[in-house]
Amino acid sequence: MILTKRENELLRLLLVQKEYQATNFFSKQLSVSNKTIYSDLQNVEKYLSINDLTVDRVPRKGLFLVGSKEAKERLKGLLSQEKVTVLENEVFSPAYRQLVMISAILLTEEKITYDEYAERFLISKQSIKKDMDEVLRYLKNSELRELKERRLNSLERETSIQKVYKKYLVSYSKKYHPQVERLQKDNLLFFSEIIEPMIIQHVNGFIEKIMLQTGKTLNDYFVYSLKLSLIIFLTRLKANHHVEEQNEFVFKDLQKMQLYMVALNFSEELNQELNCIFYKNDIQYLCSLLLAHGVVPGVIDLQIDGKIRKITTALINEMAHLLNVKVDEDEQLFHSLIAHIMPMIHRLKNDIYVRNPLKENIKKQYTTMFMLTQYAAIVFEKHYHLFLNEDEVSFLTIHFQIAFEKIQLTKHVLIVCGNGLATSELIFNRIKQNLPASVIVEIATEKQLKTNPVDDIDLIIAAIPLELEGIPVLHVSALPIAEEVSMIATYLSTLSENEKTFTYSKEIETVSLEPFFEKKLIFLNLDFEKKEEVLDFLIRQYDELGLVDEGFKESILQREELGNTSIVSGVAIPHGAPDTVKETRLSFITTKQSIQWGMNPVRLIVTIAIAEKDMAIAKDLVSVLYDMIDSQERVKELIQSENVAELMRCLSRREG
């Protein structure tokens with residue numbers, strides 16, 4: 001027979017008493033209530049009966065151990081030699097009480113009185129106060145702000161709350177439930193009085209499902225850790241506590257955004273089952289949790305439809321051709337794309353729109369990869385007659401960028417300025433034309449530098465005083481002059497020296513735009529008021545010159561409906577599907593007044609019409625073209641051209 005620690009202590013007290021003692025005596029000695037003493041006595045008496053001893057209970061006198069002197073001495077000997085088997089009774093232990101208390105503070109934010117705790121655990125208020133003091137001492141030494149009246153500070157970061165609670169839970173489970181780290185099927189029963197069982201059930205089912213779908217088994221500790229993280233996250237979310245914006249660098253966001261659809265599907269399931277409302281930050285945080293625990297996007301081969309396998313392979317082959325990088329040998333890319341493309345086709349067929357929160361950042365920082373992905377996505381139009389909107393294209397771009405960075409060593413550069421984004425944007429635009437694909441530049445704030453690790457940053461360009469140990473910093477003026485831009489360009493070239501690149505670089509031989517200029521497609525200072533008028537005019541010009549077939553118009557208009565084709569420098573870039581273009585030609589139109597084109601007013605419209613036979617040079621053509629129109633200064637120069645010859649000279653000069 002096994003006794004708990006407290007029952008063992010009660011037995012020791014009974015053995016040393018020379019006379020009857022009131023129940024209150026024992027309750028004070030053990031810091032519990034009289035009711036708890038009577039409860040413990042039931043098990044103690046069963047143990048004593050097999051040792052020829054009993055407890056005599058006399059009203060108004062108390063309790064006394066009755067039996068022979070020999071039996072008592074024998075039991076004392078067993079206790080002194082610690083031969084009595086003792087069980088740590090978790091539910092009545094101080095550690096369990098403290099777990100319940102810290103859960104009320106950090107998990108549910110429920111205010112429970114000392115009297116309520118005392119009644120629940122059948123112990124004195126004084127013992128409850130000791131337990132609570134331990135809990136508050138732990139929280140005071142954590143990263144959380146100071147609590148007032150056992151309540152969290154309203155300014156507390158949600159991620160910090162969850163982190164502190166999980167750390168406590170891991171410590172607790174190591175002591176009382178060490179097996180849970182090794183048993184993936186463990187259903188965390190020790191959590192049952194604190195966490196809603198339905199949440200535990202959904203978390204267990206979700207983790208099993210993603211391992212089954214991807215064919216990848218996570219190691220035991222990752223499963224245990226992910227379970228805890230998700231259970232805590234969902235319990236807080238159900239109580240309407242949402243994660244704050246993570247404010248991470250975009251290049252770090254790309255990895256976790258591969259798992260965006262996995263997280264989105266899980267959130268939709270829980271919205272139905274648990275009535276949990278997920279905000280954008282919650283879904284992105286869920287992506288972070290999955291990535292941190294080794295979850296990868298993908299599906300096992302047995303579930304892949306033959307047509308989807310074919311179209312995915314065609315897409316990867318086309319991108320490998322455009323990038324001139326062997327992404328077609330990346331098995332993980334294939335599986336992650338399959339996992340994305342299968343539901344994507346369903347969404348597009350059923351007009352279900354999913355927004356990519358990183359879309360604008362991707363279009364800006366990974367412009368060429370985005371454009372090439374958009375061109376390669378023609379395979380969906382061929383096989384399914386589906387046009388991909390910019391959000392879907394940007395999701396695919398993420399997968400290809402990550403695959404590219406596995407092969408191509410990538411450097412990360414931050415631009416940091418102190419007086420808002422305007423100066424940062426200026427520096428970004430001035431250096432962008434010199435960047436190879438292997439150098440990723442991002443505009444960052446001082447706050448981001450302080451709240452994010454920067455150990456994988458290769459260079460910081462700063463217009464403010466800044467010193468960071470181990471990271472080179474180039475200081476420039478708020479409005480950098482040509483010499484400073486040249487200094488930056490020189491440094492960037494050393495970062496990527498001898499590395500392959502698929503973007504335009506003036507140091508290497510690239511495609512010339514001149515063969516694709518057509519004087520009959522250059523129009524200056526035209527009087528248009530709406531983009532629809534411009535598009536009708538352009539399509540007619542291409543058609544009359546016999547450069548396109550009848551599907552060109554539909555592809556142009558379809559792409560305009562799916563997403564904004566203008567950029568902030570004041571340029572619109574409509575483009576048609578390559579399989580509708582007979583001969584590659586660029587067109588240029590300037591207008592008398594600005595035309596609202598999606599989100600941006602524009603006065604320069606550049607049409608990109610690339611035939612399939614020229615797709616091998618599409619990457620260079622797009623890169624060179626973007627270098628000419630990515631800043632308002634360059635666009636202004638082109639708009640001010642007074643005749644076709646002047647605009648042609650301007651374009652040729654920019655090209656060289």
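Only the coordinates and a few stated rules stand behind these numbers; no lab work does. Quick caveat: nothing in here was measured; it's all calculated off a predicted structure. Note that each Cβ is placed from the backbone with ideal geometry, even for glycine, and that neighbours are counted across all protein chains shown.
Separation of the alpha carbons by more than 21 angstrom is noted, of Lys185/Lys216; Lys363/Lys553; Lys238/Lys349; Lys46/Lys76; Lys5/Lys72; Lys307/Lys363, for Lys363/Lys553; Lys238/Lys349; Lys307/Lys363. Placing a label point 7 Å from the Cα of Ser80 along the Cα-to-Cβ direction, the residues of the stretch 2-45 with a backbone N closer than 18 Å are 9, 11-18. In order along the stretch 256-266, the Karplus-derived 3J(HN,Hα) couplings, from 6.51 cos²θ - 1.76 cosθ + 1.60 at θ = phi - 60°, round to 6, 6, 4, 9, 4, 5, 4, 5, 4, 5, 5 Hz, and Gly and Pro are given as x.
Among the GluC sites (Glu not before Pro) in the stretch 615-644, those placed in a DSSP loop whose Cβ has at most 14 other Cβ atoms within 10 Å are Glu642.
Per the Kirkwood formula applied to alpha carbons, the stretch 200-239 shows a radius of gyration over Rh ratio, Rg over Rh, of 1.01.
Based on a Kirkwood Rh over C-alpha pairs, give the Stokes-Einstein translational diffusion coefficient of the stretch 514-630 at 37 °C and viscosity 0.692 mPa s in µm²/s.
Details: Rh = 14.2 Å.
The estimated diffusion coefficient comes to 231 µm²/s.
Taking the charge dipole of the stretch 514-655 about its Cα centre, with +1 at Lys and Arg Cβ atoms and -1 at Asp and Glu Cβ atoms, the residue from Ala577, Val548, Leu647 reaching farthest to the positive side is Leu647. Would you please name the trypsin sites (Lys or Arg not before Pro) within the stretch 278-339 that are DSSP coil residues with at most 10 other C-beta atoms within 10 Å of their C-beta? Here the sparse-neighbourhood loop sites are Lys326. Working from the Cα coordinates of the stretch 92-155, the gyration tensor eigenvalues give, after taking √(5λ), semi-axes of 20, 12, 10 Å in decreasing order.
Note on His346 and Arg12: the model spin-label points, each 7 Å out from Cα along the C-beta direction, lie 6.2 nm apart. Loop-located trypsin sites (Lys or Arg not before Pro) in the stretch 156-253 (DSSP state other than H, G, I, E, B) with a sparse environment of at most 11 neighbouring Cβ atoms within 10 Å: Arg182, Lys185. Residue by residue, the stretch 352-367 carries 3J(HN,Hα) couplings of 9, 9, 10, 7, 9, x, 9, 3, 5, 5, 5, 4, 7, 8, 10, 4 Hz when phi is fed to the Karplus relation 6.51 cos²θ - 1.76 cosθ + 1.60 (θ = phi - 60°); x denotes Gly or Pro.
State the percent of C-alpha pairs, over all pairs in the stretch 237-386, separated by a distance greater than 21 angstrom. Working shown, then result.
Numbers: 5780 of 11175 pairs.
The share of Cα pairs beyond 21 Å in the stretch 237-386 comes to 52 percent.
Cα-based values for the stretch 157-297, radius of gyration first and Dmax second, are 14.4, 41 Å. Across the stretch 141-154, rounded Karplus estimates of 3J(HN,Hα) from the backbone phi angles (6.51 cos²θ - 1.76 cosθ + 1.60, θ = phi - 60°) give 8, 8, 7, 7, 5, 5, 7, 10, 6, 6, 10, 5, 5, 5 Hz, Gly and Pro being marked x.
Rounded to the nearest 20, the Cβ-based charge dipole of the chain about its Cα centre (Lys and Arg +1, Asp and Glu -1) stands at 3260 debye. Here volume of the Cα convex hull per residue in Å³ was computed from the coordinates, and among [x] 153; [y] 288; [z] 194 the match is [z].
Considering only alpha-carbon pairs that sit under 8 angstrom and 6 or more positions apart, the relative contact order computed for the chain is 8 percent.
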